1. Work out the FRET efficiency for residue B:179 and residue A:27 from their Cβ-Cβ distance, taking R0 = 30 Å, and round it to the nearest 0.05.
2. Which whole number gives the average, over all residues in B:168-179, of C-beta atoms from other chains lying within 10 Å of the residue C-beta?
3. Distance in nm between label sites at residue A:69 and residue B:71, each 7 Å beyond Cα in the beta-carbon direction?
4. Which of rounded, prolate or oblate describes the range B:1-42 when judged by the alpha-carbon gyration tensor and an a/c cut-off of 1.5?
5. Over the whole of A:7-19, what's the average partner chain Cβ count within 10 Å per residue? Rounded to a whole number, please.
6. Count, for each residue of B:11-23, the Cβ atoms from other chains sitting within 10 Å of its Cβ, then give me the mean as a whole number.
7. Which peptide among B:122-130, B:150-158 comes first, and what is the full order, when sorted by highest mean count of other Cβ atoms within 10 Å?
């Protein structure tokens, strides 16, 4: 680590050592602390601050619901439903079994969805807030 | 090759088994992240939602056959989302339009109360004007918080090339946003 490499790190990754390559972080920090204040570092810090003004897009309920619905459409059915479907297929034939299990799978997903809606919303809300928290921490 | 530690490994396994709670958790964990990537790459919120939805659909299809240890699921998902973004960016260049792209109003400074929102708009506009690869580098490293090694691998470049893209991108942003940086310097006193 030398002054030239420190300038390269700041130019590429910004003034926050937490964003520098892990292998160079400690040496970079030490060199930064040892030297006098640098206009380049200050300018990089200003840009870092501005970059955090870019808003984190919020996930709409409509998008979330479409994505959740696509999981079932992609064939992600709970294992117990698949086992049940296989047993029904042996007894009644494949067509009836698939129709019955599609209804059960939708019901399982919807009921799980309903029961988890509050916590999922809380998680989504927290996820949308985390960018604000990060900007306060890093800015 | 050493086994790669993946914080999403257990969640992906449960998603692959159709675990409804795991599916919910995957949506909560990844959808905001992928939407943010797409929005900053494409600027268009509708296209960003389309990309995020398609990326998650591919995640659902991949989950049952995901082989842990070779790569992080998050890295794979980023690759999928970036490919979808670049498909759209290529399509844009192929479309000839008489309607110029919407420009951000660079008029007088707004009231202090609106400063943060307006600053965000200016920053996003400046990001959108960067060459695609410089924007991609900055989005991956600064906003998605990937390591330099992860970002370089995703972009299929060396770390040195990544740093060059980042430096050039940041330099261009400093020029675009120079007045905002000057305001911040004045506030600092």
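1. With R0 = 30 Å, the Cβ-Cβ based efficiency is 0.30.
2. Averaged over the peptide's residues, the number is 3.
3. Result for the modelled spin labels: 3.0 nm.
4. It comes out oblate by the Cα gyration axes.
5. The shielding value for this peptide is 4.
6. Taking the mean over all residues of the peptide, I get 5.
7. B:122-130, B:150-158
Computed from the coordinates by the stated procedures, all read-outs in this text should not be read as laboratory data. The model shown is predicted, which means the values in this text are computed figures rather than measured ones. As a convention, Cβ positions derive from the backbone with ideal geometry for all residues, glycine included, and neighbour counts pool all protein chains shown.
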